[in-house]
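What follows draws every value from the coordinates through simple rules; no lab data is involved. None of the values given here were measured: they were computed from a predicted structure. Virtual Cβ from ideal backbone geometry, glycine too; neighbours counted across all protein chains shown.
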Amino acid sequence: MKVLDEIDEVESHTVLVRRVKMYKIRKNPLEELQENEFKSKYKFSRSTAVFIIDMIKNDLAGDARGGFIPPYLKVLAAIRIWARGEIQDDAGDLSGMGQSTISLVCKQVALAILAQMSQWIKMPQTDAEQNIVIVDFHTLCAFRQVIGAIDCTHIRIPKVGGEVGQYYINRKGYSSINVQVVSNANLEIMDIVAHWRGSTHDARIFNEGLLKQRFEQSEFKGRLLGDSGYACTPYLFTPVLHPIKTKEELYNRAHIRTRNVVERCFGLWKQRFRCLLRGFTTKLENTKLYLVALAVLHIIAIHRQDLIEVVEDFDTVPVTQATSRRSNRRRYRRNPFESSEEDFRYKYRFTKRFGAKIVDILREDLCHDPRGCPLSPELQVVCALRNWARHETIQLIYMVYLNKLSANFAKW
């Protein structure tokens with residue numbers, strides 16, 4: 001009994017200390033990065049990014065208590081993930097947020113953009129608007145009364161479980177969403193359907209959609225151009241499968257050159273947002289939101305003439321003389337070995353002890369130039385380990401040390 005009394009006395013004097021929440025360092029990319037570097041990382045110019053932030057910032061305003069995330073940082077974090085196809089956990093490290101926060105932020109930004117969708121994604125309504133679109137198409141190859149080019153593209157998604165999972169597998173053998181897009185001559189998306197499974201045929205998406213009903217009701221005075229996968233109707237022209245006469249060949253040639261705008265639209269859209277090219281790793285319902293949100297951002301960029309450079313042949317890239325020397329700004333570099341053991345093992349797939357052993361073995365072989373802004377051997381090793389373990393796209397890929405690592409595996 002005396003022992004129990006002593007235990008009760010100790011518990012009565014125990015003081016519970018509340019855990020202090022630590023917030024990561026958050027920087028403003030609008031102020032930290034130069035214009036060229038900003039566009040390289042976010043695929044938008046600084047002025048366009050500010051325009052997008054001002055457009056949806058009222059829908060992103062939250063509670064200022066605790067670790068408040070300003071609207072501009074939410075928008076920039078989401079755009080960077082979509083533009084570069086980055087892993088959410090790594091984008092969170094750059095933005096000073098956790099992976100779960102990044103996932104929530106992306107959904108919030110997508111919903112805020114969707115609230116403005118009717119302003120940007122729309123078919124021409126009035127006669128004046130339709131005449132402008134028809135004239136733009138006519139200037140391409142003299143094809144008359146064309147109001148849009150229609151086609152579908154597959155966006156890769158993670159494998160869907162359950163009985164319906166097989167219906168998402170397309171003809172190429174991977175799970176996807178079949179996205180239907182109608183583009184004008186300026187590569188702007190006028191209509192998008194982004195919820196059909198990958199195994200669905202392009203013609204079925206159009207036949208069961210609202211757009212076909214609008215054409216059958218004579219809402220538009222023009223016609224669409226589609227490939228041979230669609231049925232040829234008075235409001236949707238397709239190419240002649242087996243042309244014999246010269247007029248049929250000329251028709252096919254004009255049809256191909258005019259309908260090519262939707263293919264170029266897909267190319268530009270996927271080049272600006274690499275996640276469309278590599279595929280999404282998010283939940284299915286979130287992916288459908290992101291697809292429409294990215295279509296809105298694509299239209300905004302074209303309206304503001306914020307184009308991205310396309311380099312097809314690296315041997316013919318002109319070399320321009322630099323007018324001013326770029327300032328050597330040193331970035332803040334964290335020491336990964338100072339993180340917790342659990343966090344280190346999750347990101348690098350090794351224990352900190354094993355990582356330190358790799359550093360000791362390769363220390364003499366790693367170049368460490370003390371001039372400028374050097375990279376320590378520790379940072380070089382963890383950059384390589386993280387790239388190999390997580391298949392990340394980073395600029396510093398130290399493949400030169402792979403043979404050295406393999407040669408020392410026998411010693412370990």
### Task
Using a 10 Å cut-off on Cβ atoms, rank the peptides 242-248, 77-83 from the highest mean neighbour count down.
77-83, 242-248
### Query
Hey, if you drop one equal point scatterer on each alpha-carbon of the stretch 121-283 and run the Debye formula without solvent, what base-10 log of I(q)/I(0) do you get at q = 0.08, 0.09, 0.14, 0.21 Å⁻¹?
-0.26, -0.32, -0.75, -1.38
### Task
Just grab the label-to-label distance for S47 and N186, each label 7 Å out from Cα along the Cβ direction, in nm (one decimal).
1.6
### Message
Please compare each pair in K172/K288; K57/K283; K122/K247; K41/K352; K39/K352 to a cut-off of 28 Å on the Cα-Cα distance and tell me which ones are over it.
### Response
K122/K247; K41/K352; K39/K352
### Query
Once phi is turned into ³J(HN,Hα) by the Karplus curve 6.51 cos²θ - 1.76 cosθ + 1.60 with θ = phi - 60°, what whole-Hz value does each residue of the stretch 116-128 show in order, with x for glycine and proline?
9, 5, 4, 7, 10, 9, 6, 6, x, 9, 6, 4, 5
### Message
Counting other beta carbons within 10 Å of each residue's own, what order do H154, H303 fall into, fewest first?
### Response
H303, H154
### Task
Could you work out, for the stretch 167-239, what percent of all Cα-Cα pairs fall into each 10 Å distance bin, beginning at 0 Å and stopping at the bin that holds the largest distance?
18, 49, 28, 5
